[in-house]
1. Within region A:32-77, track down each residue that is of a type in the set (S, T, N, Q), within 14 Å of chain B (Cβ to nearest Cβ) and within 25 Å of A:Thr2 (Cα to Cα).
2. Given the residues B:Arg106, B:Arg117, which is the only one that is more than 22 Å from the chain's Cα centre (by Cα), closer than 29 Å to B:Ser52 by Cα, assigned to a loop (DSSP other than H, G, I, E, B) and not aliphatic (A, V, I, L, M)?
3. Residues of region B:10-65 being of a type in the set (Lys, Arg) and farther than 26 Å from B:Gln195 by Cα, which ones?
4. Is there any pair with a first residue in region A:169-185 that is hydroxyl-bearing (Ser, Thr, Tyr) and a second that is assigned to a helix (DSSP H, G or I) whose Cβ atoms are under 6 Å apart and which are 6 or more apart or on different chains, and what are they?
5. Of the conditions (1) crowded, with 17+ Cβ neighbours inside 10 Å; (2) closer than 25 Å to B:Val230 by Cβ, B:Pro98 satisfies every one except a single condition; which number is it?
6. Determine whether region A:165-185 contains at least one residue that is in contact with a Cys (Cβ under 8 Å, 6 or more places away or on another chain), over 20 Å from A:Gln242 (Cα atoms) and within 14 Å of chain B (Cβ to nearest Cβ).
7. If a residue must be small (Gly, Ala, Ser) and within 14 Å of another protein chain (Cβ to nearest Cβ), how many such residues does region A:197-230 contain?
8. With within 13 Å of B:Leu166 (Cα to Cα) and either touching a Ser or Thr at 6+ places or on another chain (Cβ under 6 Å) or not small (Gly, Ala, Ser) (or both) as the only criterion, which of B:Arg128, B:Arg89, B:Arg117, B:Arg107 stands out?
Amino acid sequence: MTTLLEVDDLHVTFATPTGAVRAVRGVTLDVDRGEILGVVGESGCGKSVTFRALLGLTPASASVTGTARFDGQPIDTDGALCAHAALIYQNPGAALNPVFTIGQQLAMVAGTKDRAVLAALLTQASLADPERTLDSYPHELSGGMRQRAVIAFALAQKPSLLVADEPTTALDVTTQAQVLDLIASLRNEHDLTVVLVSHDLAVIGRLCDRVAVLYCGRVVELGQTEQVLSDPQHPYTRALLQSTPRPDLVGHDLAAIPGLVPDGRSEIVGCSFAPRCAQASKECETAEPAMRSVGDTADHRAACIHVAVAP
Amino acid sequence: MNPLVEVRDLQVAYRTRQDGRTRSVRVIDGLDLDVHEGETLAVVGESGSGKSTLAGSIVGLVRPTGGSIRFVGTELLGAKRDVRKTMQRQIQLVFQNPLLSLSPRRRVGFLLDEPLRVHTGLDGDARRARSIELVEQFELSAAILDRFPHELSGGQAQRVVLARALALEPRLMLFDEPTSALDVSVQAGVLNLLQRLKSERYLTYVFITHDLAVARHLADRIAVMRAGEVVELATAAELFTNPEHEYTRALLASSLSV
(Lines give C-alpha, C1' and ligand atoms only; values in the text may rest on other atoms or scores of the structure.)
Protein backbone atom coordinates (compact mmCIF):
# COMPACT_ATOMS: atom_id res chain seq x y z
CA MET A 1 0.00 0.00 0.00
CA THR A 2 1.38 3.41 -0.92
CA THR A 3 1.25 6.52 1.16
CA LEU A 4 -1.10 9.25 -0.01
CA LEU A 5 -0.46 11.91 2.59
CA GLU A 6 2.58 12.28 4.82
CA VAL A 7 2.53 14.86 7.56
CA ASP A 8 5.73 15.48 9.46
CA ASP A 9 6.08 17.48 12.67
CA LEU A 10 3.03 19.69 12.14
CA HIS A 11 2.62 22.52 14.62
CA VAL A 12 -0.37 24.84 14.81
CA THR A 13 -0.20 27.77 17.20
CA PHE A 14 -2.94 30.35 17.73
CA ALA A 15 -2.04 33.86 18.82
CA THR A 16 -4.53 34.98 21.48
CA PRO A 17 -4.64 38.01 23.80
CA THR A 18 -3.69 35.73 26.71
CA GLY A 19 -0.73 34.13 24.99
CA ALA A 20 0.09 31.61 22.29
CA VAL A 21 -2.07 28.48 22.33
CA ARG A 22 -0.29 25.46 20.92
CA ALA A 23 -3.14 23.33 19.57
CA VAL A 24 -1.01 20.92 17.56
CA ARG A 25 2.46 20.15 18.92
CA GLY A 26 4.21 18.04 16.35
CA VAL A 27 1.80 15.64 14.64
CA THR A 28 3.53 13.08 12.43
CA LEU A 29 1.17 10.90 10.46
CA ASP A 30 0.91 8.89 7.25
CA VAL A 31 -2.37 8.25 5.48
CA ASP A 32 -2.23 5.24 3.16
CA ARG A 33 -3.97 5.32 -0.19
CA GLY A 34 -7.41 3.71 0.00
CA GLU A 35 -7.57 3.35 3.77
CA ILE A 36 -9.97 4.78 6.30
CA LEU A 37 -7.85 6.29 9.04
CA GLY A 38 -9.55 7.16 12.31
CA VAL A 39 -8.31 10.10 14.38
CA VAL A 40 -9.57 9.97 17.94
CA GLY A 41 -9.09 11.93 21.15
CA GLU A 42 -10.85 14.16 23.67
CA SER A 43 -12.02 17.71 22.93
CA GLY A 44 -9.05 20.00 22.61
CA CYS A 45 -6.51 17.34 21.64
CA GLY A 46 -5.99 18.90 18.20
CA LYS A 47 -7.70 16.31 16.03
CA SER A 48 -9.84 18.76 14.07
CA VAL A 49 -7.24 21.54 13.98
CA THR A 50 -4.65 19.24 12.40
CA PHE A 51 -6.75 18.69 9.28
CA ARG A 52 -8.31 22.14 9.21
CA ALA A 53 -4.81 23.63 9.09
CA LEU A 54 -3.81 21.33 6.22
CA LEU A 55 -6.98 22.35 4.37
CA GLY A 56 -6.33 26.05 4.97
CA LEU A 57 -9.34 26.54 7.23
CA THR A 58 -7.58 27.87 10.30
CA PRO A 59 -7.96 31.61 10.95
CA ALA A 60 -5.21 34.14 10.24
CA SER A 61 -4.20 34.10 13.91
CA ALA A 62 -2.89 30.56 13.45
CA SER A 63 0.68 29.88 12.47
CA VAL A 64 1.25 26.51 10.84
CA THR A 65 4.67 24.91 10.51
CA GLY A 66 5.89 21.50 9.46
CA THR A 67 6.18 19.58 6.23
CA ALA A 68 3.72 17.55 4.21
CA ARG A 69 3.80 15.48 1.05
CA PHE A 70 0.81 14.51 -1.03
CA ASP A 71 1.23 11.68 -3.49
CA GLY A 72 4.98 12.01 -3.04
CA GLN A 73 5.06 15.74 -3.87
CA PRO A 74 5.88 18.28 -1.17
CA ILE A 75 2.93 20.56 -0.42
CA ASP A 76 2.50 23.67 1.65
CA THR A 77 1.12 22.73 5.11
CA ASP A 78 -0.90 25.90 5.28
CA GLY A 79 -3.83 24.93 3.10
CA ALA A 80 -2.48 23.34 -0.07
CA LEU A 81 -4.21 20.07 0.75
CA CYS A 82 -7.56 21.62 -0.22
CA ALA A 83 -6.69 21.06 -3.89
CA HIS A 84 -6.95 17.29 -3.30
CA ALA A 85 -9.28 16.88 -0.38
CA ALA A 86 -12.86 17.65 0.62
CA LEU A 87 -14.17 18.11 4.15
CA ILE A 88 -17.49 17.15 5.67
CA TYR A 89 -18.47 18.63 8.99
CA GLN A 90 -20.29 17.61 12.12
CA ASN A 91 -23.22 19.94 11.63
CA PRO A 92 -24.56 19.65 8.08
CA GLY A 93 -27.06 22.44 8.80
CA ALA A 94 -24.23 24.91 9.24
CA ALA A 95 -22.43 23.72 6.10
CA LEU A 96 -25.44 24.53 3.90
CA ASN A 97 -26.70 27.96 2.91
CA PRO A 98 -30.34 28.26 4.05
CA VAL A 99 -31.42 30.61 1.24
CA PHE A 100 -30.40 28.48 -1.75
CA THR A 101 -31.80 25.12 -2.81
CA ILE A 102 -29.58 22.05 -2.65
CA GLY A 103 -29.47 22.08 -6.47
CA GLN A 104 -28.29 25.71 -6.66
CA GLN A 105 -25.56 25.10 -4.08
CA LEU A 106 -24.46 21.84 -5.63
CA ALA A 107 -24.23 23.56 -9.04
CA MET A 108 -21.77 26.08 -7.59
CA VAL A 109 -19.53 23.33 -6.24
CA ALA A 110 -19.82 21.04 -9.27
CA GLY A 111 -19.39 23.86 -11.81
CA THR A 112 -22.33 22.71 -13.91
CA LYS A 113 -26.08 23.30 -13.98
CA ASP A 114 -26.78 20.03 -15.74
CA ARG A 115 -29.57 18.50 -13.63
CA ALA A 116 -28.68 14.98 -14.70
CA VAL A 117 -25.11 15.41 -13.41
CA LEU A 118 -26.29 16.99 -10.16
CA ALA A 119 -28.94 14.32 -9.60
CA ALA A 120 -26.31 11.65 -10.21
CA LEU A 121 -24.14 13.17 -7.47
CA LEU A 122 -27.05 13.01 -5.02
CA THR A 123 -27.72 9.42 -6.03
CA GLN A 124 -24.08 8.56 -5.30
CA ALA A 125 -24.62 9.96 -1.83
CA SER A 126 -27.62 7.62 -1.41
CA LEU A 127 -30.25 10.34 -1.45
CA ALA A 128 -33.56 8.86 -2.44
CA ASP A 129 -35.57 11.02 -4.84
CA PRO A 130 -32.66 13.20 -6.05
CA GLU A 131 -34.88 15.24 -8.41
CA ARG A 132 -36.99 16.48 -5.54
CA THR A 133 -33.98 17.02 -3.28
CA LEU A 134 -32.38 19.31 -5.88
CA ASP A 135 -35.33 21.69 -5.49
CA SER A 136 -35.42 21.44 -1.69
CA TYR A 137 -34.07 24.00 0.75
CA PRO A 138 -31.87 22.68 3.58
CA HIS A 139 -34.60 23.16 6.21
CA GLU A 140 -36.87 20.82 4.28
CA LEU A 141 -34.45 17.92 4.73
CA SER A 142 -33.84 15.71 7.75
CA GLY A 143 -30.43 15.68 9.46
CA GLY A 144 -29.40 12.47 7.69
CA MET A 145 -30.47 13.83 4.29
CA ARG A 146 -28.54 17.07 4.88
CA GLN A 147 -25.41 15.12 5.76
CA ARG A 148 -25.85 13.10 2.55
CA ALA A 149 -26.23 16.35 0.60
CA VAL A 150 -22.98 17.62 2.13
CA ILE A 151 -21.32 14.34 1.13
CA ALA A 152 -22.58 14.92 -2.44
CA PHE A 153 -20.97 18.40 -2.33
CA ALA A 154 -17.72 16.75 -1.29
CA LEU A 155 -17.94 14.18 -4.11
CA ALA A 156 -18.59 16.95 -6.65
CA GLN A 157 -15.03 18.15 -6.06
CA LYS A 158 -13.71 14.71 -7.09
CA PRO A 159 -11.32 14.58 -4.14
CA SER A 160 -8.78 11.82 -3.62
CA LEU A 161 -8.99 12.39 0.15
CA LEU A 162 -12.19 12.84 2.14
CA VAL A 163 -11.83 14.31 5.62
CA ALA A 164 -14.93 13.60 7.70
CA ASP A 165 -14.91 15.58 10.94
CA GLU A 166 -17.38 14.01 13.40
CA PRO A 167 -19.77 13.34 10.49
CA THR A 168 -22.35 11.47 12.54
CA THR A 169 -22.16 13.07 15.98
CA ALA A 170 -25.32 15.12 15.40
CA LEU A 171 -27.29 12.17 13.96
CA ASP A 172 -29.50 9.50 15.49
CA VAL A 173 -28.03 6.03 15.86
CA THR A 174 -30.02 4.52 12.99
CA THR A 175 -29.06 7.38 10.65
CA GLN A 176 -25.48 7.25 11.92
CA ALA A 177 -25.17 3.61 10.90
CA GLN A 178 -26.44 4.44 7.39
CA VAL A 179 -24.08 7.38 6.92
CA LEU A 180 -21.10 5.31 8.11
CA ASP A 181 -22.05 2.55 5.66
CA LEU A 182 -22.28 5.19 2.93
CA ILE A 183 -18.77 6.47 3.68
CA ALA A 184 -17.44 2.91 3.58
CA SER A 185 -19.09 2.19 0.23
CA LEU A 186 -17.86 5.49 -1.28
CA ARG A 187 -14.32 4.55 -0.37
CA ASN A 188 -14.67 1.34 -2.37
CA GLU A 189 -16.55 2.79 -5.36
CA HIS A 190 -14.62 6.03 -5.80
CA ASP A 191 -11.14 4.92 -4.85
CA LEU A 192 -11.26 7.39 -1.98
CA THR A 193 -9.00 7.68 1.01
CA VAL A 194 -10.85 8.73 4.14
CA VAL A 195 -9.76 10.40 7.36
CA LEU A 196 -12.48 10.06 9.98
CA VAL A 197 -12.11 12.42 12.93
CA SER A 198 -14.22 11.33 15.88
CA HIS A 199 -14.29 11.27 19.66
CA ASP A 200 -16.33 8.07 19.53
CA LEU A 201 -14.27 4.88 19.69
CA ALA A 202 -17.30 2.82 18.69
CA VAL A 203 -17.62 4.75 15.42
CA ILE A 204 -13.89 4.37 14.77
CA GLY A 205 -14.10 0.65 15.50
CA ARG A 206 -16.92 0.19 13.04
CA LEU A 207 -15.34 1.93 10.09
CA CYS A 208 -11.59 2.43 10.29
CA ASP A 209 -8.68 0.32 9.10
CA ARG A 210 -6.18 2.16 11.27
CA VAL A 211 -6.53 4.58 14.12
CA ALA A 212 -4.37 7.42 15.42
CA VAL A 213 -4.96 8.45 19.03
CA LEU A 214 -4.17 12.11 19.65
CA TYR A 215 -3.47 13.69 23.00
CA CYS A 216 -2.44 17.26 23.57
CA GLY A 217 -1.64 17.90 19.93
CA ARG A 218 0.50 14.81 19.37
CA VAL A 219 -0.07 11.27 18.14
CA VAL A 220 0.38 8.97 21.14
CA GLU A 221 -0.71 5.68 19.60
CA LEU A 222 -1.13 4.45 16.05
CA GLY A 223 -1.98 1.04 14.66
CA GLN A 224 -4.53 -1.28 13.09
CA THR A 225 -7.92 -0.47 14.63
CA GLU A 226 -8.42 -4.00 15.89
CA GLN A 227 -5.03 -4.05 17.63
CA VAL A 228 -5.43 -0.63 19.18
CA LEU A 229 -8.94 -1.32 20.49
CA SER A 230 -8.35 -4.87 21.68
CA ASP A 231 -4.78 -4.45 22.92
CA PRO A 232 -4.27 -0.75 23.67
CA GLN A 233 -0.71 0.08 24.69
CA HIS A 234 -0.64 3.75 25.64
CA PRO A 235 -2.16 4.48 29.08
CA TYR A 236 -4.29 7.24 27.52
CA THR A 237 -5.86 4.88 24.98
CA ARG A 238 -6.52 2.37 27.75
CA ALA A 239 -8.11 5.06 29.92
CA LEU A 240 -10.35 6.21 27.05
CA LEU A 241 -11.54 2.66 26.46
CA GLN A 242 -12.17 2.03 30.14
CA SER A 243 -14.26 5.17 30.48
CA THR A 244 -16.63 4.05 27.70
CA PRO A 245 -19.81 2.27 28.91
CA ARG A 246 -19.81 -1.40 27.86
CA PRO A 247 -22.18 -4.28 28.63
CA ASP A 248 -19.63 -6.02 30.85
CA LEU A 249 -19.21 -2.89 32.98
CA VAL A 250 -22.91 -2.63 33.97
CA GLY A 251 -23.09 -2.37 37.74
CA HIS A 252 -19.50 -1.14 38.02
CA ASP A 253 -17.99 2.30 38.18
CA LEU A 254 -16.56 3.59 34.94
CA ALA A 255 -12.95 4.70 35.00
CA ALA A 256 -13.02 8.47 34.59
CA ILE A 257 -9.69 10.02 33.62
CA PRO A 258 -8.71 12.32 36.49
CA GLY A 259 -7.80 15.93 35.75
CA LEU A 260 -8.12 17.86 32.53
CA VAL A 261 -6.39 18.11 29.17
CA PRO A 262 -3.59 20.65 29.82
CA ASP A 263 -4.22 24.22 28.72
CA GLY A 264 -2.76 24.92 25.28
CA ARG A 265 -0.86 27.90 26.72
CA SER A 266 1.13 25.82 29.17
CA GLU A 267 4.63 24.60 28.48
CA ILE A 268 4.76 20.83 28.52
CA VAL A 269 7.93 19.10 29.64
CA GLY A 270 8.10 15.35 29.28
CA CYS A 271 5.02 13.24 28.57
CA SER A 272 1.89 15.39 28.23
CA PHE A 273 -0.30 12.65 29.77
CA ALA A 274 1.93 12.11 32.83
CA PRO A 275 -0.09 14.39 35.19
CA ARG A 276 -3.22 12.25 34.63
CA CYS A 277 -1.49 8.88 34.27
CA ALA A 278 -1.58 6.21 36.97
CA GLN A 279 1.68 4.72 35.70
CA ALA A 280 3.65 7.95 35.54
CA SER A 281 7.12 7.89 37.09
CA LYS A 282 9.95 10.42 37.49
CA GLU A 283 11.34 9.70 34.02
CA CYS A 284 7.99 10.62 32.42
CA GLU A 285 8.42 14.21 33.55
CA THR A 286 11.82 14.74 31.97
CA ALA A 287 11.80 13.71 28.30
CA GLU A 288 9.03 13.64 25.76
CA PRO A 289 8.52 9.98 24.79
CA ALA A 290 9.05 9.08 21.13
CA MET A 291 6.79 6.77 19.12
CA ARG A 292 8.12 3.21 19.23
CA SER A 293 6.88 -0.12 17.90
CA VAL A 294 4.92 -1.87 20.63
CA GLY A 295 2.73 -4.93 21.05
CA ASP A 296 2.97 -7.75 18.57
CA THR A 297 3.41 -6.03 15.24
CA ALA A 298 5.74 -3.44 13.83
CA ASP A 299 2.96 -1.12 12.66
CA HIS A 300 1.48 -0.75 16.14
CA ARG A 301 3.26 2.18 17.72
CA ALA A 302 2.88 4.15 20.92
CA ALA A 303 4.67 6.98 22.69
CA CYS A 304 5.10 5.73 26.25
CA ILE A 305 8.29 4.70 27.99
CA HIS A 306 6.47 2.17 30.20
CA VAL A 307 5.29 0.07 27.30
CA ALA A 308 7.28 -2.99 26.25
CA VAL A 309 8.89 -2.55 22.85
CA ALA A 310 7.94 -5.03 20.14
CA PRO A 311 10.42 -7.87 19.70
CA MET B 1 -47.24 0.36 46.09
CA ASN B 2 -48.26 3.27 43.92
CA PRO B 3 -45.77 4.44 41.33
CA LEU B 4 -44.03 7.77 41.95
CA VAL B 5 -45.22 9.08 38.59
CA GLU B 6 -48.23 7.82 36.69
CA VAL B 7 -48.64 9.10 33.16
CA ARG B 8 -51.97 8.18 31.59
CA ASP B 9 -53.19 8.79 28.05
CA LEU B 10 -50.85 11.79 27.72
CA GLN B 11 -51.49 13.94 24.66
CA VAL B 12 -49.25 16.77 23.55
CA ALA B 13 -49.72 18.74 20.36
CA TYR B 14 -47.66 21.69 19.17
CA ARG B 15 -49.13 24.37 16.95
CA THR B 16 -47.14 25.27 13.88
CA ARG B 17 -47.79 27.63 11.02
CA GLN B 18 -47.32 26.39 7.53
CA ASP B 19 -48.33 28.24 4.37
CA GLY B 20 -50.15 30.78 6.52
CA ARG B 21 -52.35 28.17 8.18
CA THR B 22 -52.07 27.01 11.76
CA ARG B 23 -51.73 23.31 12.11
CA SER B 24 -51.50 21.13 15.13
CA VAL B 25 -48.80 18.44 15.23
CA ARG B 26 -49.34 15.58 17.66
CA VAL B 27 -46.04 14.85 19.34
CA ILE B 28 -47.30 12.53 22.04
CA ASP B 29 -50.46 10.60 21.43
CA GLY B 30 -51.93 8.56 24.25
CA LEU B 31 -48.81 7.68 26.22
CA ASP B 32 -49.00 5.57 29.40
CA LEU B 33 -45.96 5.18 31.63
CA ASP B 34 -45.24 4.49 35.31
CA VAL B 35 -42.06 5.53 37.05
CA HIS B 36 -41.41 3.56 40.24
CA GLU B 37 -39.84 5.06 43.32
CA GLY B 38 -36.10 4.36 43.46
CA GLU B 39 -35.65 3.14 39.91
CA THR B 40 -33.70 4.48 36.97
CA LEU B 41 -35.91 4.51 33.93
CA ALA B 42 -34.14 5.25 30.65
CA VAL B 43 -36.17 6.63 27.77
CA VAL B 44 -34.55 6.02 24.39
CA GLY B 45 -35.62 6.81 20.85
CA GLU B 46 -34.73 8.97 17.87
CA SER B 47 -34.95 12.73 17.59
CA GLY B 48 -38.58 13.67 17.23
CA SER B 49 -39.89 10.60 19.05
CA GLY B 50 -41.22 12.76 21.89
CA LYS B 51 -38.70 11.90 24.62
CA SER B 52 -37.95 15.49 25.60
CA THR B 53 -41.59 16.50 25.33
CA LEU B 54 -42.43 13.76 27.83
CA ALA B 55 -39.84 15.10 30.28
CA GLY B 56 -41.04 18.66 29.70
CA SER B 57 -44.61 17.61 30.43
CA ILE B 58 -43.68 15.98 33.74
CA VAL B 59 -41.63 18.95 34.91
CA GLY B 60 -44.18 21.51 33.74
CA LEU B 61 -42.31 23.20 30.88
CA VAL B 62 -44.70 21.84 28.28
CA ARG B 63 -48.48 22.10 28.56
CA PRO B 64 -50.08 18.83 27.49
CA THR B 65 -53.35 18.96 25.56
CA GLY B 66 -54.85 16.01 27.39
CA GLY B 67 -54.38 13.09 29.73
CA SER B 68 -53.11 12.90 33.26
CA ILE B 69 -49.78 13.01 35.09
CA ARG B 70 -49.89 12.09 38.77
CA PHE B 71 -46.92 12.61 41.07
CA VAL B 72 -47.22 10.71 44.37
CA GLY B 73 -50.96 10.56 43.69
CA THR B 74 -51.40 14.30 43.04
CA GLU B 75 -52.58 15.41 39.61
CA LEU B 76 -50.08 17.83 38.08
CA LEU B 77 -51.94 18.84 34.93
CA GLY B 78 -54.13 21.86 35.63
CA ALA B 79 -52.95 21.97 39.26
CA LYS B 80 -53.17 25.26 41.16
CA ARG B 81 -50.04 27.37 41.25
CA ASP B 82 -49.21 26.67 44.92
CA VAL B 83 -49.68 22.92 44.48
CA ARG B 84 -47.50 23.06 41.40
CA LYS B 85 -44.76 24.94 43.28
CA THR B 86 -44.68 22.39 46.10
CA MET B 87 -44.48 19.58 43.57
CA GLN B 88 -41.94 21.42 41.44
CA ARG B 89 -39.48 21.40 44.27
CA GLN B 90 -39.51 17.64 44.21
CA ILE B 91 -39.07 17.29 40.44
CA GLN B 92 -35.92 18.63 38.81
CA LEU B 93 -34.77 18.56 35.21
CA VAL B 94 -31.18 18.68 33.91
CA PHE B 95 -30.53 19.55 30.26
CA GLN B 96 -27.90 18.50 27.78
CA ASN B 97 -25.94 21.73 27.53
CA PRO B 98 -24.97 22.96 31.00
CA LEU B 99 -23.84 26.37 29.74
CA LEU B 100 -27.32 27.10 28.40
CA SER B 101 -28.74 26.39 31.88
CA LEU B 102 -26.40 28.80 33.66
CA SER B 103 -26.71 32.55 33.27
CA PRO B 104 -23.39 33.76 31.85
CA ARG B 105 -23.60 36.96 33.91
CA ARG B 106 -23.89 35.34 37.33
CA ARG B 107 -21.29 33.66 39.47
CA VAL B 108 -21.75 30.00 40.41
CA GLY B 109 -22.41 31.05 44.02
CA PHE B 110 -25.43 33.14 42.98
CA LEU B 111 -26.72 30.40 40.67
CA LEU B 112 -26.63 27.81 43.45
CA ASP B 113 -28.15 30.21 45.95
CA GLU B 114 -31.17 31.03 43.81
CA PRO B 115 -33.26 27.85 44.28
CA LEU B 116 -32.49 27.91 48.01
CA ARG B 117 -33.67 31.51 48.22
CA VAL B 118 -36.92 30.78 46.36
CA HIS B 119 -37.85 27.53 48.01
CA THR B 120 -36.34 27.50 51.52
CA GLY B 121 -36.56 29.88 54.47
CA LEU B 122 -32.81 29.72 55.12
CA ASP B 123 -30.87 32.95 55.82
CA GLY B 124 -27.86 34.04 53.76
CA ASP B 125 -25.18 32.38 55.91
CA ALA B 126 -27.04 29.09 56.07
CA ARG B 127 -27.57 29.16 52.31
CA ARG B 128 -23.87 29.86 51.73
CA ALA B 129 -22.94 26.93 53.97
CA ARG B 130 -25.38 24.73 52.09
CA SER B 131 -23.89 25.82 48.72
CA ILE B 132 -20.38 24.91 49.89
CA GLU B 133 -21.60 21.56 51.15
CA LEU B 134 -23.29 20.95 47.79
CA VAL B 135 -20.30 21.71 45.57
CA GLU B 136 -18.10 19.54 47.76
CA GLN B 137 -20.50 16.63 47.36
CA PHE B 138 -20.05 17.09 43.64
CA GLU B 139 -16.28 16.84 43.91
CA LEU B 140 -15.76 20.55 43.26
CA SER B 141 -13.88 22.99 45.49
CA ALA B 142 -15.62 25.90 47.24
CA ALA B 143 -13.51 28.31 45.14
CA ILE B 144 -15.79 27.54 42.22
CA LEU B 145 -18.55 29.64 43.83
CA ASP B 146 -16.70 32.79 42.78
CA ARG B 147 -16.29 31.75 39.16
CA PHE B 148 -18.41 32.59 36.14
CA PRO B 149 -19.85 29.76 33.99
CA HIS B 150 -17.49 30.48 31.08
CA GLU B 151 -14.53 29.79 33.37
CA LEU B 152 -15.69 26.20 33.93
CA SER B 153 -14.88 23.09 31.92
CA GLY B 154 -17.80 21.12 30.46
CA GLY B 155 -17.62 18.54 33.24
CA GLN B 156 -17.46 21.19 35.97
CA ALA B 157 -20.40 23.09 34.48
CA GLN B 158 -22.51 19.94 34.34
CA ARG B 159 -21.64 19.23 38.01
CA VAL B 160 -22.77 22.74 38.96
CA VAL B 161 -26.07 22.18 37.16
CA LEU B 162 -26.51 18.84 38.94
CA ALA B 163 -25.67 20.43 42.30
CA ARG B 164 -28.28 23.12 41.68
CA ALA B 165 -30.90 20.55 40.72
CA LEU B 166 -30.20 18.54 43.88
CA ALA B 167 -30.02 21.59 46.17
CA LEU B 168 -33.71 21.25 47.00
CA GLU B 169 -33.48 17.50 47.62
CA PRO B 170 -35.93 16.44 44.94
CA ARG B 171 -37.46 12.97 44.81
CA LEU B 172 -37.47 12.75 41.04
CA MET B 173 -34.65 13.78 38.72
CA LEU B 174 -35.21 14.01 34.99
CA PHE B 175 -32.13 14.10 32.77
CA ASP B 176 -32.37 15.10 29.13
CA GLU B 177 -29.18 13.84 27.45
CA PRO B 178 -27.04 15.05 30.37
CA THR B 179 -23.75 13.68 29.06
CA SER B 180 -24.13 13.95 25.28
CA ALA B 181 -22.00 17.09 25.12
CA LEU B 182 -19.19 15.61 27.23
CA ASP B 183 -16.12 13.57 26.31
CA VAL B 184 -16.30 9.91 27.36
CA SER B 185 -13.62 10.43 29.98
CA VAL B 186 -15.69 13.20 31.59
CA GLN B 187 -18.99 11.41 30.99
CA ALA B 188 -17.63 8.47 32.99
CA GLY B 189 -17.10 10.70 36.04
CA VAL B 190 -20.59 12.22 35.78
CA LEU B 191 -22.26 8.81 35.36
CA ASN B 192 -20.39 7.45 38.39
CA LEU B 193 -21.46 10.48 40.39
CA LEU B 194 -25.10 10.03 39.41
CA GLN B 195 -25.00 6.38 40.49
CA ARG B 196 -23.47 7.33 43.83
CA LEU B 197 -26.00 10.09 44.54
CA LYS B 198 -28.85 7.82 43.70
CA SER B 199 -27.81 5.13 46.13
CA GLU B 200 -27.02 7.66 48.88
CA ARG B 201 -30.28 9.58 48.60
CA TYR B 202 -32.82 7.10 47.30
CA LEU B 203 -33.55 9.21 44.25
CA THR B 204 -35.63 8.24 41.25
CA TYR B 205 -34.17 8.94 37.82
CA VAL B 206 -35.74 9.34 34.42
CA PHE B 207 -32.85 9.37 31.99
CA ILE B 208 -33.47 10.47 28.42
CA THR B 209 -30.76 9.46 26.01
CA HIS B 210 -30.16 8.33 22.48
CA ASP B 211 -27.08 6.44 23.63
CA LEU B 212 -28.03 2.82 24.21
CA ALA B 213 -24.73 2.00 25.89
CA VAL B 214 -25.36 4.71 28.50
CA ALA B 215 -28.96 3.53 28.96
CA ARG B 216 -27.79 -0.02 29.52
CA HIS B 217 -25.14 1.11 31.96
CA LEU B 218 -27.50 3.07 34.20
CA ALA B 219 -31.04 1.85 33.77
CA ASP B 220 -33.18 -0.64 35.63
CA ARG B 221 -35.87 -0.39 32.97
CA ILE B 222 -35.80 1.07 29.47
CA ALA B 223 -38.73 2.59 27.58
CA VAL B 224 -38.30 2.75 23.81
CA MET B 225 -40.22 5.63 22.24
CA ARG B 226 -41.20 6.11 18.65
CA ALA B 227 -43.53 8.70 17.15
CA GLY B 228 -44.99 9.73 20.50
CA GLU B 229 -45.61 6.25 21.84
CA VAL B 230 -43.81 3.81 24.08
CA VAL B 231 -43.34 0.83 21.77
CA GLU B 232 -41.46 -1.34 24.24
CA LEU B 233 -40.84 -1.26 27.97
CA ALA B 234 -38.64 -3.87 29.62
CA THR B 235 -35.85 -4.33 32.11
CA ALA B 236 -32.48 -3.34 30.69
CA ALA B 237 -31.21 -6.92 30.67
CA GLU B 238 -34.33 -8.20 28.93
CA LEU B 239 -34.42 -5.45 26.33
CA PHE B 240 -30.86 -6.07 25.21
CA THR B 241 -31.07 -9.87 25.19
CA ASN B 242 -34.61 -10.29 23.94
CA PRO B 243 -35.97 -7.21 22.16
CA GLU B 244 -39.57 -7.77 21.12
CA HIS B 245 -40.52 -4.80 19.02
CA GLU B 246 -39.18 -4.54 15.51
CA TYR B 247 -38.12 -0.93 16.11
CA THR B 248 -36.13 -1.88 19.23
CA ARG B 249 -34.33 -4.51 17.19
CA ALA B 250 -33.51 -1.92 14.51
CA LEU B 251 -32.17 0.47 17.16
CA LEU B 252 -30.01 -2.21 18.75
CA ALA B 253 -28.73 -3.33 15.37
CA SER B 254 -27.55 0.17 14.50
CA SER B 255 -25.97 0.95 17.84
CA LEU B 256 -22.22 0.58 17.98
CA SER B 257 -20.10 -0.53 20.86
CA VAL B 258 -16.41 -0.65 21.51
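1. A:Ser48, the sole residue that qualifies.
2. Checking each option against the conditions leaves just B:Arg106.
3. Answer for region B:10-65, where residues must be of a type in the set (Lys, Arg) and farther than 26 Å from B:Gln195 by Cα: B:Arg15, B:Arg17, B:Arg21, B:Arg23, B:Arg26, B:Arg63.
4. Correct list of pairs: A:Thr174/B:Ser254; A:Thr175/A:Gly144.
5. Looking at each condition in turn, B:Pro98 falls short on (2).
6. No, there is no match, as no residue in region A:165-185 is in contact with a Cys (Cβ under 8 Å, 6 or more places away or on another chain), over 20 Å from A:Gln242 (Cα atoms) and within 14 Å of chain B (Cβ to nearest Cβ).
7. Qualifying residue count, region A:197-230: 4.
8. When all the criteria are applied, what remains is B:Arg89.
The values are calculated or read from the model by the stated rules, or taken from the named source; none is laboratory data. Keep in mind that what you see is a predicted model, and the values were worked out from it rather than measured. No Cβ is skipped: glycine too gets one built from the backbone with ideal geometry, and neighbour counts run over all protein chains shown.
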